[in-house]
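Worksheet: the structure to be examined is printed underneath.
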Amino acid sequence: MTPTNRHSFLEDLQGMSLGVFFCALGLSFLTALGLVTGQTAGIAVIISYLTGWSFGPVFFVINIPFYVLAWYRLGSAFTVKSLISVTALSVLTEILPQHLVFAELSYPLGAVAFGALVGLGLLALFRHNGSLGGLGVVALLVQDSTGFKAGYVQLGVDAVIFAIALLLFPATIVAWSLLGAVVLNLIITFNHRRDRYIAT
């Protein structure tokens, strides 16, 4: 790969900033409706709902063990970018609710908006060699080593998390949450192809 195919620092900065913003905005739709999601964020959301703790700090702490895996398997650059992205998301999810209040928001719109925004946000992060850490790191490792799509890996993990959520929350909440997760994972599945996007 030639140097001309690599993103510059400013390209990485804008791409990752946009990705984190989209993800934080999507999570605002999710939490405004009391919905849940999959992956590490889903675990953090469930813990936040059950304990009353803020999502941001919980999400940050849950991701810590995955940085070790990312460092050894995906490299220091990926790990540092992921750490920065997770930290930024943790902070932004604390700030956005102070400036974004929904007077009325339907479950279908909120679920689809969540899935679309977070899916696009993750694509931006992936294309700039970053992630939001956690189980997404495992999904990328599986895709890069086996060719099995990251979106399908995440769907499998989500199935387990949603099964647990079904024991804790009303079935209607889990059903609308599942819609958002499906939209998110389909966006990643159809659009994340390293062989089609050659810049790094």
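The values are calculated or read from the model by the stated rules, or taken from the named source; none is laboratory data. The structure presented is a predicted model; accordingly, all values stated were derived computationally and were not measured. Virtual Cβ from ideal backbone geometry, glycine too; neighbours counted across all protein chains shown. Protein only, heavy atoms only, side chains kept; ligands, DNA and RNA dropped before computing areas. Shrake-Rupley method; radii C 1.70, N 1.55, O 1.52, S 1.80 Å.
Only protein atoms count toward the accessible area here, which uses a 1.4 Å probe; on segment 1-76, the carbon and sulfur part of that area reaches 70 percent.
Taking every C-alpha pair closer than 8 Å and separated by at least 6 residues, the mean separation divided by the residue count of segment 50-143 gives a relative contact order of 44 percent.
Please work out the average accessible area per residue across segment 33-77, using the 1.4 Å probe convention, and give it in Å².
Numbers: 2160 Å² over 45 residues.
In whole numbers, segment 33-77 has 48 Å² accessible per residue.
Would you mind working out the accessible area per residue for segment 106-188, using a 1.4 Å probe, and quoting it in Å²? Walk me through the intermediate numbers first.
Details: 3280 Å² over 83 residues.
Computed with neighbouring chains in place, this is 40 Å² per residue.
Between 0 and 90 degrees, the angle of helix 55-74 with respect to the longest Cα principal axis of the chain falls at about 30 degrees. Residue ranges 83-92, 158-167, 97-106 sort as 83-92, 158-167, 97-106 when ordered by packing (mean number of other C-beta atoms within 10 Å per residue, highest first). 3J(HN,Hα) couplings calculated from phi for segment 170-187 with the Karplus curve 6.51 cos²θ - 1.76 cosθ + 1.60 (θ = phi - 60°) are, in sequence order, x, 4, 5, 5, 5, 5, 5, 4, 4, 4, x, 5, 5, 4, 4, 5, 5, 4 Hz; Gly and Pro show x. Extending 7 Å from Cα along the Cβ direction at Ser76 and again at Ala175 yields two label points whose distance is 5.2 nm. Axis of helix 150-168 versus longest Cα principal axis of the chain: the two differ by about 20°, to the nearest ten degrees.
Across segment 19-86, the volume of the C-alpha convex hull divided among the residues equals 82 Å³ per residue.
Think of the chain as a dipole: +1 on every Lys or Arg Cβ, -1 on every Asp or Glu Cβ, centred on the Cα centre; then among Ser8, Val58, Gly121, Ser8 lies furthest on the positive end.
Read through the labelled values (i) 17.7, 67; (ii) 16.9, 48; (iii) 16.1, 52 and report the label of the one computed as Rg and Dmax of the Cα atoms in Å from the structure. Derived directly from the coordinates: (iii). What is the helix-to-structure angle for 135-146, meaning the angle in degrees between its Cα long axis and the longest Cα principal axis of the chain, kept from 0 to 90 and rounded to the nearest 10? The angle comes out at about 40 degrees.
Only the Cβ atoms of Lys and Arg (+1) and of Asp and Glu (-1) were treated as charged; on that basis the dipole of the chain about its Cα centre amounts to roughly 440 debye.
Between Leu168 and Ile47, what is 0.36 nm times their sequence separation minus the Cα-Cα distance? Round to one decimal in nm. Before the final figure, lay out the partial values.
Details: separation 121, 0.36 × 121 = 43.56 nm, distance 1.10 nm.
Once the chain is fully extended between Leu168 and Ile47, it gains 42.5 nm.
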